[in-house]
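Here's the structure we're looking at; comments come further down.
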Amino acid sequence: VTGTTSVSDAQTSVTLSKKDATTPTLGVAGATLTIYNSSSVIVGTLITGSDGTATIQGLPAGTYTFKETIAPAGYVINSTSYTFVIAANGTVTGTTSVSDAQTSVTLSKKDASTLAGVAGATLTVYNSSNAVVGTLVTGSDGTATIKGLAVGTYTFKETTAPAGYVINSTSYTF
């Protein structure tokens, strides 16, 4: 026997990614992405790594959908289904990236009489274990925003009042 007697092929490979919606160059770790075949059967579940990507190999040629099924801490889940196609030659077309925004909560300090926003109030945010997760100072409109909090219950209170105001030591829950 002479000549070539075997052939080899590489497995198909699809890399999916999770990006921050505000900073698209930032990959987000910890997103669970579930892949479905054309019959809506789960064929893979991936968790994005530190660079925001995850790769699945060996899927047969065909059409697939995927969606984020668990968002990383501090992000809003993106439940949109996205489609990609693996051609017979292994080429991947379609959408292979999902993005979503960080969670965002805007807190405010208002004048009790006029209800106008008050600048310069220090607001401290606590998690359910009463640990400080953020300290904010209200801006000129009396608001301050904290981003990236994991899903859960939080409290906040004013810890330093601006000049001319009495501190409000009430804890508020969100």
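Just a few scattered comments:
- Derived scalar couplings ³J(HN,Hα) [segment 14-28; Karplus, 6.51 cos²θ - 1.76 cosθ + 1.60; whole Hz; x for Gly, Pro]: 10, 9, 9, 9, 10, 10, 6, 5, 7, 10, x, 7, 8, x, 10
- The distance linking segment 22-43 with segment 108-169 is 35 Å (Cα centroid to Cα centroid, whole angstrom).
- When the convex hull of its Cα atoms is projected in every direction, mean area for the chain (nm²): 15.0 nm²
- Value of relative contact order over the chain, rounded to a whole percent, pairs C-alpha under 8 Å and six or more apart: 17 percent
- Here the Karplus curve 6.51 cos²θ - 1.76 cosθ + 1.60, taken at θ = phi - 60°, turns the phi angles of segment 156-164 into couplings of 9, 8, 6, 10, 9, 8, x, 3, x Hz, with x standing for Gly and Pro.
- Surface accessible to a 1.4 Å probe, per residue, for the residues of segment 74-174, Å²: 56 Å²
- Of all accessible heavy-atom area on segment 81-129, the percent that carbon and sulfur account for (1.4 Å): 48 percent
- Database remark: amide H of Thr12 closer than 5 angstrom to the amide H of Gly58, Leu59 (H placed geometrically; neighbours at sequence offset of 5 or more, or on other chains; Pro and chain starts carry no H).
The values are calculated or read from the model by the stated rules, or taken from the named source; none is laboratory data. It should be emphasised that the depicted structure is a prediction, and the values quoted were computed from it without experimental measurement. Note: accessible area is taken over every heavy atom of the protein model, side chains too, but ligands, DNA and RNA are not part of it. Shrake-Rupley method; radii C 1.70, N 1.55, O 1.52, S 1.80 Å.
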